[in-house]
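Since the structure comes first, as structure tokens, the remarks are kept for the end.
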Amino acid sequence: MTAAATPFAAAYFHGTRAALTPGETLEAGRASNYGARRAAGWVYVSATLDAAVWGAELAVGDGPGRIYVVEPTGALEDDPNLTDQRFPGNPSRSYRTREPLRVLGEVVGWVGHSPAQVAQMKAGVAELEARGIGAIED
């Protein structure tokens, strides 16, 4: 017996400190995990686990970093914070959308960056903010 090929959708990840359950959605309009925490006009997602790890590690809050496998419900576009406006191409395969992301499950057992790397990245983000260079939200 021969099994027919079944399609497999691309996996997308979202790093945060929020505790979510499968079926919940992440939507634009919630407080951003970064900067002044104003209402975010976009929801961010990555096709690489490393970018999601950074998202979980840099997110505000006291809870543990979490990474979720998510399903976009609408179109994605390149995240200008991590693509051509700041880096050539889209090496982190980072995207944003105005449509909700549906949580499919949580990634467990992921390994974060070293404390020194996280401290260095946080210092770099703080330096950008001090210079008035914030997230591109247009």
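The values are calculated or read from the model by the stated rules, or taken from the named source; none is laboratory data. Given the structure is predicted, the values throughout are model-derived calculations rather than measurements. With ideal geometry, Cβ positions are generated from the backbone for all residues, glycine too; neighbour counts draw on all protein chains shown.
Residues in the stretch 91-124 that are modelled with pLDDT under 85 and under 15 Å from the mean Cα position of the chain (by Cα) were compared, and the one that is surrounded by the most Cβ atoms within 10 Å (Cβ to Cβ) is 92.
Annotation note: Cβ proximity below 7 Å between a residue of the stretch 43-57 that is acidic (Asp, Glu) and surrounded by fewer than 24 Cβ atoms within 10 Å (Cβ to Cβ) and a residue that is part of a helix (DSSP H, G or I) and modelled with pLDDT of 90 or more (sequence gap 6+ or interchain) occurs for 57/118. Residues in the stretch 39-75 that are assigned to a loop (DSSP other than H, G, I, E, B) and under 11 Å from the mean Cα position of the chain (by Cα): 4 in all. Can you work out which of the residues in the stretch 17-42 that are modelled with pLDDT of 90 or more and among the hydrophobic types (A, V, I, L, M, F, W, C) is surrounded by the most Cβ atoms within 10 Å (Cβ to Cβ)? Once the filter is applied, the top-ranked residue is 26.
Limited to the stretch 98-126, what total is found for residues that are among the aliphatic types (A, V, I, L, M) and either assigned to a strand (DSSP E or B) or touching a strand residue (DSSP E or B) at 6+ places or on another chain (Cβ under 7 Å) (or both)?
Here is the first cut: in the stretch 98-126, the ones among the aliphatic types (A, V, I, L, M) are 101, 103-104, 107-108, 111, 116, 118-119, 121, 123, 125-126.
Retained after the next criterion (residues that are either assigned to a strand (DSSP E or B) or touching a strand residue (DSSP E or B) at 6+ places or on another chain (Cβ under 7 Å) (or both)): 101, 103-104, 107.
Going through the stretch 98-126 one residue at a time, the tally reaches 4.
In the stretch 99-128, the residues that are within 17 Å of residue 20 (Cα to Cα) reach residues that are exposed (fewer than 11 other Cβ atoms within 10 Å of the Cβ) with C-beta atoms within less than 8 angstrom, at least six apart or across chains, in these pairs: 100/74; 102/23; 103/21; 103/23. Among the numbered conditions (1) at pLDDT below 80; (2) more than 26 Å from residue 74 (Cα to Cα); (3) surrounded by 10 or more Cβ atoms within 10 Å (Cβ to Cβ), the only one that residue 127 does not meet is (1).
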